[in-house]
1. For region 393-515, compute Rg over Rh where Rg is the Cα radius of gyration and Rh is the Kirkwood radius from the inverse mean 1/r over Cα pairs.
2. Can you put ASP436, ASP388, ASP224, ASP464 in order of accessible area, largest first, using a 1.4 Å probe?
3. For the residue pair ALA52 and ALA500, what label-to-label distance in nm results when each label sits 7 Å from Cα along the Cα-to-beta-carbon direction?
4. Filter the cross-link list LYS256/LYS379; LYS286/LYS324; LYS256/LYS324; LYS256/LYS286 down to pairs whose alpha-carbon distance in this structure exceeds 26 Å.
5. Roughly how compact is the chain, stated as its Cα Rg over 2.2 N^0.38 Å to two decimals?
6. When the helix-only estimate is applied to the chain (DSSP H runs of n ≥ 4, each -39,500 (n - 2.57), divided by the residue count), what is the mean residue ellipticity at 222 nm, nearest 500 deg cm²/dmol?
7. Between region 273-324 and region 190-221, what's the alpha-carbon centroid distance in Å?
8. To the nearest 10 Å², what's VAL234's accessible area with a 1.4 Å probe?
Amino acid sequence: MHHVFGAFTLYPERAELVGPDGVIHIEPKAFAVLRLLVENHDRVVSRDEMIAAIWGGRFVSDAAVSTALKFARKAVGDDGNRQAMIRTIHGLGHRFVAQVQRRVDASTVVQPEQVVDRAGQRPTIAVLPLTQAGEGMQVGDGLADEIIASLSRLRWLRVIARESSFRFRQDGVDLDAIRRVLGAGYALTGRVELSGARLSVAVMLIDTGTGAVVWADRFSPDLDGLHEARQDIVDAVVGALDLQIPQAEAMAARGKPTEALDAWGAYHLGMSHLHRYNAHDNAIAKALLERATTLDPGFAVAYAARAFARFQDGVQWFGGDRAKAQADVRSLAERAFELDPLDPFANMVMGRWHWLAGNPDDGLDWYDRAIQLSPSYSKGHYTRGMIDAFAGRAERARAGVDLALRLSPLDPMMGPMLTARAISYLAEGDYATARDWALKAARHSPTHANLLCLAAAACELAGDHAQARHFADTLRRAVPEITVSMYLQSVPTSRLDVHARIREAMRRVGIPAAG
């Protein structure tokens, strides 16, 4: 990696400065000052930071620092009056103000014949340091660090270490170099701007192969609440990437024939069918996910996804044999956990087995473990909230679901998430509010049979009889064999009074008690 500014090139690894007439002799401390300023050209470097970085924090005189700065300026044709390269910011420090381009040395670039075939491997992302405009507090590197740490908890995603990705610190991102040198299919870039009492943070996810923007967002927190806002920004970015990258991978896989899909292509395409909540798409998802584990028998997250697909069979009555679905969920979840006990998805489906077995509270430790492994894992927070709703822990249920919605506001499980809120209000006897949330849930996932059941019951309890009949008719067309007992098996609340209310409401809209 080297830096180009004006007619000069600085090679950090070689401790060499080259000008228009060749190599320039420069005293070592002056070179260190120049390198520090060039590598941090997007911000002011304080004198204390300079002393800490170059003199190891030892006491040095102002004259020694000034001399090193003087020789650094002289080496690049600058001086204290002109300040075209190194500018003194009185009271703050110094900043390198010339335009800098960071380039990859030819010797470090993987040549075409050396490029590793990454087909079948996890998607890879490089999180670049966020460039910063304006003086004052520096948060760009810290935000990028925290995003890297949080993304690393997503076991399906390979995250390039900061020591490698931070070498691409520049305004003009070299996507080809990131793809070739780091092997990253995606790059997260961003910019931080300080304006008055507000901070503006813009982030962008880019496909390094096509240069297309996959996702972008902007955050504008108040400086007074910066500490809390930093965590909110990190959580929002991680939640978005947990959704956007799989969707991009599924889109890339969709144009390929099934027999041409590698393990990861089959996995992502299967996941895109998994959240459509109908028997046909669930069957497609199961076939694709089984292909993924056949191609890669050690593919932990694909086994977890297979467990979730069989959970859908059992909870939505897709296969008829609920006991077999329950046994399959357990065996597939255990296989996923055996392969990768630190995967949050594997832990979440271990808990789902208890839900299907009719003992939802027995899975709480698994959901809590999934959240501990990945605090930004929205599906862990949502499922924990749903189990709290089943048990009548209404406030806790809503807190968990609300956090899941903040982490993933476009999640494909939005409908079930909203249903947990509806159940929490139903348990409190607030039928009008339960109806409102049940309607939102059914509109998000209009093919999800359980959501249609709850919408029919909540509308009936709230006195909205026309809507209740509409959802009951829709439900009977989708699942002709539907009974009240089938639904109550899928919503195993320990609140018998809630079951009684739902049972009576569904009876009134014409759903039979049992088959």
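1. Reported Rg/Rh, Kirkwood definition of Rh: 0.95.
2. Reading off the accessible areas and sorting them downward yields ASP224, ASP436, ASP464, ASP388.
3. 6.6
4. With Cα atoms farther than 26 Å apart: LYS256/LYS379; LYS256/LYS324.
5. In units of the globular-protein estimate, the chain measures up at 1.21.
6. My calculation for the chain gives -17000 deg cm²/dmol from helical runs alone.
7. After rounding, the separation between the Cα centres reads 36 Å.
8. About 0 Å², rounded to the nearest 10.
The values are calculated or read from the model by the stated rules, or taken from the named source; none is laboratory data. Being a predicted model, the structure only gives us computed values, none of them experimental. Every residue, glycine as well, gets a Cβ built from its backbone with ideal geometry; the counts of neighbours run over all protein chains shown. All accessible areas refer to the heavy atoms of the entire protein, side chains included, with ligands and DNA or RNA removed. Shrake-Rupley method; radii C 1.70, N 1.55, O 1.52, S 1.80 Å.
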